[in-house]
Amino acid sequence: MKVADILTTKGRTVHSVLPWLTVADVVTRLDELGVGALLVRDQDHVIQGIVSERDVVRALARHGAALLTMPITDVMTRKVHSCGPEESVARAMSQMTAGRYRHLPVIENGRLVGMVSIGDLVKHRVREMELETGVLRDVVIARS
């Protein structure tokens, strides 16, 4: 299974915020959308970073309540890893596990075409394994 298969199922919508927003603005947006991370893109849609709930919590530990008025650029992760739609789910999972991040933008021909989370990948991998198990069970039953 490929990352493109997941995007076909979940959709290609990618939520993002502008880099001059405050942490309070971004936390509100995370809550409204019910997502765990947002890309930070400039007015030309160029990816500047990614901000996750984890980034916010860690910054809260360092800065306290003053964090809410800080620009999101002070909190975001600047090095954004990505994958292509033809990447295997197993490879994307391995990349995310090794890098210890949970969201992966999907880039095709230099253009953002979606974003997957580790939860998306695990969900589809479990479905794949259930299908494989069912096929094997059917083979065993057919041979009996």
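Every number here is computed from the coordinates shown, using simple stated rules; none is lab data. Please read these numbers as outputs of a predicted model, since none were measured by experiment. Methodologically, a virtual Cβ is constructed for each residue, glycine included, from the backbone with ideal geometry; neighbour enumeration extends over all protein chains shown.
Worth a mention:
- For the chain, the dipole from Cβ point charges (+1 on Lys and Arg, -1 on Asp and Glu) about the Cα centre works out to 360 debye, to the nearest 20.
- With all projection directions averaged, the alpha carbon convex hull of region 29-70 covers 3.4 nm².
- The chain: angle of helix 118-143 to the longest principal axis, Cα-based, in degrees nearest 10: 0
- Once the C-beta distance of Asn109 and Ser144 is scaled by a Förster radius of 41 Å, the resulting FRET efficiency is 0.25 to the nearest 0.05.
- Across region 61-144, the convex hull enclosing all Cα atoms gives 146 Å³ per residue.
- Proximity of backbone amide H atoms, modeled 1.01 Å from N, is registered between Glu108 and Val113 at under 5 Å, excluding neighbours fewer than 5 places apart on the same chain.
- Note on the chain: with a GNM built from Cα contacts shorter than 10 Å, the maximum mean-square fluctuation among Met115, Met76, Met129 falls on Met129.
- Amide H contacts under 5 Å for Val17: Leu39, Val40, Arg41, restricted to partners 5 or more places along the chain or on a different chain, H placed in the peptide plane at 1.01 Å from N.
- Across region 88-100, rounded Karplus estimates of 3J(HN,Hα) from the backbone phi angles (6.51 cos²θ - 1.76 cosθ + 1.60, θ = phi - 60°) give 6, 4, 4, 5, 4, 4, 4, 4, 5, 5, 5, x, 6 Hz, Gly and Pro being marked x.
- Nearest 10 degrees, 0 to 90: helix 23-33 Cα axis against the chain principal axis: 30
- Computed over the alpha-carbon pairs of the chain, the distance histogram in 5 Å steps reads 2, 10, 18, 19, 17, 12, 9, 5, 3, 2, 2, 1, 1, 0 percent, short to long.
- The fewest-to-most ranking of Arg12, Arg125 by surrounding Cβ atoms within 10 Å reads Arg12, Arg125.
- One chain, two ends: Asp25 and Val122. Fully extended at 0.36 nm per residue, the span grows by 31.9 nm beyond their Cα-Cα distance.
- J(HN,Hα) series, region 112-117, from Karplus relation 6.51 cos²θ - 1.76 cosθ + 1.60, nearest Hz, glycine and proline x: 5, 10, x, 8, 10, 10
- Over the chain, relative contact order from alpha-carbon pairs under 8 Å, at least 6 apart, %: 26
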